[in-house]
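See below for the structure under consideration.
Only the coordinates and a few stated rules stand behind these numbers; no lab work does. The model shown is predicted, which means the values in this text are computed figures rather than measured ones. All Cβ positions, even for glycine, are placed from backbone atoms using ideal geometry, and neighbour counts span all protein chains on display.
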Amino acid sequence: MNKLRLTLYITGHTPKSERTIANLRRICKGELGEKYEMVIVDVLEQPQLAEEHKILATPTLIKELPPPLRRLIGDLSHTEQILLGLDLQPFPECNDTGDRQ
Amino acid sequence: MNGNADGGIEKLETGIPGFDSIANGGLPKGRTTLVSGTAGSAKTVFAVQYLAAGITRFGENGAFVTFEESPEDISRNMMGFGWEIRKWESEDRWAFVDASPQPREEDLVSGSYDLGALLARIEYAVRRVDARRVAVDSLGAIFMQFAEPSIVRSELFRIGTALKHMGITAIMTSERTDDYGEISRFGVEEFVSDNVILLRNSLEMEKRRRTMEILKFRGTSHQKGEFPFTVASG
């Protein structure tokens, strides 16, 4: 099975950044089990990655795999919008493979 | 045309022929100047020439933030003027921040955001090439990329403040719909209002007439009125 590969771009470890990370972790754990890998990029520390991927807004979440590539802007406070935006349905069968955390 | 008798604000000699004369020495140093004009009024040429003149005449490096045309198009279009942007890039004298619209599906927006990544990229470009000059072209185009103009406006203000803190002398271009109408679209002059230059390309007696007018330089002097100019290849 294809794992979901997500990259989240934030600007500094502000309360807003932390809230966004928490929202994303909650959505992923709740809906995806262990079938995802997540990278967090702080654009203050790695501006060259923001340049390379032409990121303007933060937070920006990019779903790199599986295709198609999707970009979501905002603090990820609406779970259903996020899942739709990532082309994901909350699959119950995800829980079969691993939800031990 | 003398450059003294000004208040406390120094001028930065741009090296653009003619401009420094009507500007009584150059752009207000360490400040941002708005360059507003209708479509085809040579805003991008002016913005590129500002950086090119810094590199070729004063050894001052520059960062070009493009909201509209791609870096590839700008580099190619400006070759006719003898400006070797690609070469300057490879020598770390010119840095692009590419914020031009990308051919991809529209981003989805959910919840609050800011343009922190854009600011980080601009600061990174300035640090990387040790830029003294920054050009931003053009403000209207970034408003088209985001649905909330209030966020864009406040973020552009934040970028202007950051440039000032870095001691950068910057120009930001913006578009206007009429050569003799309001200063710019989207009300950008509200936050880059200290210094305003107008580029006009009006039709007079069936001929195009390009002029430049310095509307205001806060705290320092300039020549008044419209001055004709031409766009000619190097």
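Key figures
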item	result
Residue among B:Leu34, B:Ser75, B:Asn24 farthest towards the positive dipole end of the range B:1-93, charges placed on Cβ	B:Asn24
Gyration tensor verdict on chain B (Cα atoms; rounded if a/c is under 1.5, prolate if a/b is larger than b/c, oblate otherwise)	rounded
With at most 11 other Cβ atoms within 10 Å, longest stretch of chain B clear of loop trypsin sites (Lys or Arg not before Pro) (DSSP)	B:105-223
P(r) of chain A over all Cα-Cα pairs, binned every 10 Å from zero, in whole percent	15, 50, 29, 6
Exposure proxy order (Cβ contacts within 10 Å, fewest to most) of B:His222, B:His165, A:His13, A:His53	B:His165, A:His13, A:His53, B:His222
Convex hull of Cα atoms in the protein assembly as shown, direction-averaged projection (nm²)	19.0 nm²
Flagged links, alpha-carbon separation over 26 Å, of A:Lys16/B:Lys29; B:Lys43/B:Lys207; B:Lys11/B:Lys207; B:Lys11/B:Lys43; A:Lys16/B:Lys43	A:Lys16/B:Lys29; B:Lys11/B:Lys207; A:Lys16/B:Lys43
Rel. contact order, % - alpha carbon contacts under 8 angstrom, at least six apart, chain B	30 percent
Beta bridges by DSSP in the range B:94-234, antiparallel share as percent, to the nearest 5	75 percent
Taking N as its residue count, the alpha carbon Rg of the range B:148-234 over 2.2 N^0.38 Å	1.27
Over the range B:1-81: Rg over Rh, Cα atoms, Kirkwood Rh	0.99
Highest-MSF residue in chain A out of A:Leu24, A:Leu72, A:Leu84 [GNM, Cα springs under 10 Å]	A:Leu84
